[in-house]
Structures are given as structure tokens and as C-alpha cells.
Amino acid sequence: MKTHDYRFKKAVAVWAAGREREMNLTVDFTAEFEGGLEDVVLCAAASCSYIILVNGEFVAHGPARTAHGYYRVDEISLDKYLRDGKNIVAVRVAGYNVNSFSYLDQPSFLCAEIVSGDKVLAYTSENDTGFSGYEMKERIQRVQRYSFQRTFTESYELNENAFFAEYGKGGNQIQLECVGDKNYIYRDIPYGDYERIIPLRCIQSGKVSYSEKQSYYNSREISDIYEAFKGYKLSELEYASHIEVGKMDFSTPSECELGTDEIKVNKDSYVDVDMGKNYTGIFELE
């Protein structure tokens, strides 16, 4: 087992210039290179959470958590995801910058490089060294905390210009800056198998209508934001999903006759599904 410190060949830690302490900012770091190479590996560390995609295909989620002030480095083989011609590697990083039981409150950054043997194909820096940064505007930044223990809810505004639908064809490119040295260590923790799991069955379905209510869900992670418990106050929210969900009225459900390989959910409707057990993972949908 490797227990010594990790050293990147060229990469340095970067983030959106002047915004490393900003709450719930999502930045997509992308790099392009030509195929035809072997033993291509992405090495990456970050704060707080990221997913890795190659040519739009989900590859991994990370990083592994560790002690305050240290950052584990993922080393992901990309060979089976590459194709002839141009390849696009995207590392989508969410920097939360709030105190919680799920993630440490540490400044946001990504340090990453793509290597093929001893050759570095792209690496993060504040100069043009292969990785570009894009602010992910479709993920709404100013939303409420998910809970007292966790960081933020996830709300998206998607349209035909959504950057994460087609890498390299949109998005608001931002200036990157170096954010200082970090203490990197080897991951030394197994990876998930990232099995694609579909529901066992559809239980029931129905219709959704909407009406204003006298009151809405308002627990302490929404109403009690202050200096020692960080988050966006209700008056600062761009979108308050707890209120929008509170407006929903669900019809009496009927038996669901949908198959599970492809579940189509129409506008203003819902479907309850049976996953068999509780899982932790990444949602995939179109």
C-alpha cells in the first residue's frame, strides 16, 4: 500500500479567479486531446465533490474523503472510454464551502492532469495548459441547504443551450487562478463498480396539480442560517425548491403498467418505483 505523499507531474490547484470561498459554485473543467494513445490516466484531486466524464460518458465520482487539510488523488484509466479523433474529458466540480457532516468546509479547487506514460497531455494551471474552466450556470447556485447535516439541494435549469449536454460547445468560460499548495495523498481506498441499476418495478403513477399553501416546509437548515451555520438565506435564493414542491398536489395513484428499462414520465405526472434496496449513486436521466 502506498502511504507516502502524492506528487503531480505538472498540475497545480486552480479555481475560478477570486471565488474559491464562494458557496455552491459548480465549475466544469474540460480538456481535449487526440485519440490513438495508450495507458491514458486522469489524476485528480479536488474540494469538494466531482464527477468525471469522457466524451459525455460517466466514468467516476470522487474524491475519497480524508482528514482536514489532506486530499486523496484518484488515478483513473481512460483507455476504454477513448475513441479515434478528438476526445473530451470533463471533471465537474461542486465547491460547497459550508460546514456540514458530509463534506469539510475547505476552499474549492481542482488539481488534475492527463498522462500517457511519461507524457503529460493536459494539466490544470492558470495558463492555457490543456484544461479550461466553465461556470455551470444550469446548476442553480443560490438554493437552500438540503439538511442540517448536508450541503445544498440540487436544482437545474436546462434548455437547448445547456453546456453539460454537449461538451465544448457552450458554457461561460472563466478565468482560472492558482489557489496555493495542497497536501495530496494516494487514494488507497477501493473504487465503486458504478453498476447501472434500474428499478425492479413501477409501483404506481398519477397526476400532479399545483396550489398555493398557507405554509411550507421551513426547518432550521432553511430558516436558521447565520455566521456559524453557513448557507444562503431564504431572501437570497434564486430558486426555492422546497416551496415549489410544497405547491404540488398528488392525485390518487393508479396501478402502473410501465416497464422499467425505459420509464417515460409526462409533464405534471409522477411514477413511484421500487429499487429493491437503498442505494447511493448518481442519477441518470434524459
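Pairs meeting the criteria (first residue in segment 18-40 and farther than 24 Å from residue 230 by Cα, second residue loosely packed, with under 15 Cβ neighbours inside 10 Å and of a type outside the set (Phe, Trp, Tyr), beta carbons under 6 Å, at least 6 apart or on different chains) are 32/86; 35/83; 35/84; 35/85; 39/117; 40/79.
Could you count how many residues in segment 60-80 are of a type in the set (Gly, Ala, Ser) and open to solvent by 20 Å² or more (accessible area, probe 1.4 Å)? Working first, answer last.
Applying the first criterion (of a type in the set (Gly, Ala, Ser)) to segment 60-80 yields 60, 62, 64, 67, 69, 77.
In the following step, the residues that additionally are open to solvent by 20 Å² or more (accessible area, probe 1.4 Å) were identified as 67, 69, 77.
Summing the residues that are of a type in the set (Gly, Ala, Ser) and open to solvent by 20 Å² or more (accessible area, probe 1.4 Å) in segment 60-80 gives 3.
A quick yes/no check of all residues on (1) over 14 Å from the mean Cα position of the chain (by Cα); (2) closer than 17 Å to residue 188 by Cα:
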{"site": "33", "(1), (2)": "yes, no"}
{"site": "43", "(1), (2)": "yes, yes"}
{"site": "50", "(1), (2)": "no, no"}
{"site": "65", "(1), (2)": "yes, yes"}
{"site": "82", "(1), (2)": "yes, no"}
{"site": "87", "(1), (2)": "yes, no"}
{"site": "96", "(1), (2)": "no, no"}
{"site": "99", "(1), (2)": "yes, no"}
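None of 279, 226 is closer than 22 Å to residue 52 by Cβ, surrounded by fewer than 12 Cβ atoms within 10 Å (Cβ to Cβ) and among the aromatic types (Phe, Trp, Tyr) except 279.
One residue alone among 30, 26 is outside any loop (DSSP other than H, G, I, E, B) and either in contact with a Gly (Cβ under 7 Å, 6 or more places away or on another chain) or open to solvent by 20 Å² or more (accessible area, probe 1.4 Å) (or both), and that residue is 30. Hey, any hits in segment 80-88 for a residue that's out of contact with any strand residue (DSSP E or B) (no Cβ under 6 Å at 6 or more places or on another chain), at positive phi and assigned to a loop (DSSP other than H, G, I, E, B)? Looking through segment 80-88, at least one residue is out of contact with any strand residue (DSSP E or B) (no Cβ under 6 Å at 6 or more places or on another chain), at positive phi and assigned to a loop (DSSP other than H, G, I, E, B).
Return a yes/no flag: does segment 183-203 have any residue that is over 30 Å from residue 23 (Cα atoms), free of Cβ contacts under 8 Å to residues at least 60 places away in the same chain, hydrophobic (A, V, I, L, M, F, W, C) and open to solvent by less than 40 Å² (accessible area, probe 1.4 Å). Among the residues of segment 183-203, not one is over 30 Å from residue 23 (Cα atoms), free of Cβ contacts under 8 Å to residues at least 60 places away in the same chain, hydrophobic (A, V, I, L, M, F, W, C) and open to solvent by less than 40 Å² (accessible area, probe 1.4 Å), which makes the answer no.
With respect to (1) among the small types (Gly, Ala, Ser); (2) modelled with pLDDT of 95 or more; (3) in a strand (DSSP E or B); (4) open to solvent by less than 40 Å² (accessible area, probe 1.4 Å), the lone exception for residue 209 is condition (4).
The values are calculated or read from the model by the stated rules, or taken from the named source; none is laboratory data. These numbers were taken from a predicted model, which means no experiment stands behind them. Positions of Cβ are backbone-derived with ideal geometry, glycine not excepted, and every protein chain shown enters the neighbour counts. Remember, those area values only see protein heavy atoms, side chains included, never the ligands or the DNA or RNA. Shrake-Rupley method; radii C 1.70, N 1.55, O 1.52, S 1.80 Å.
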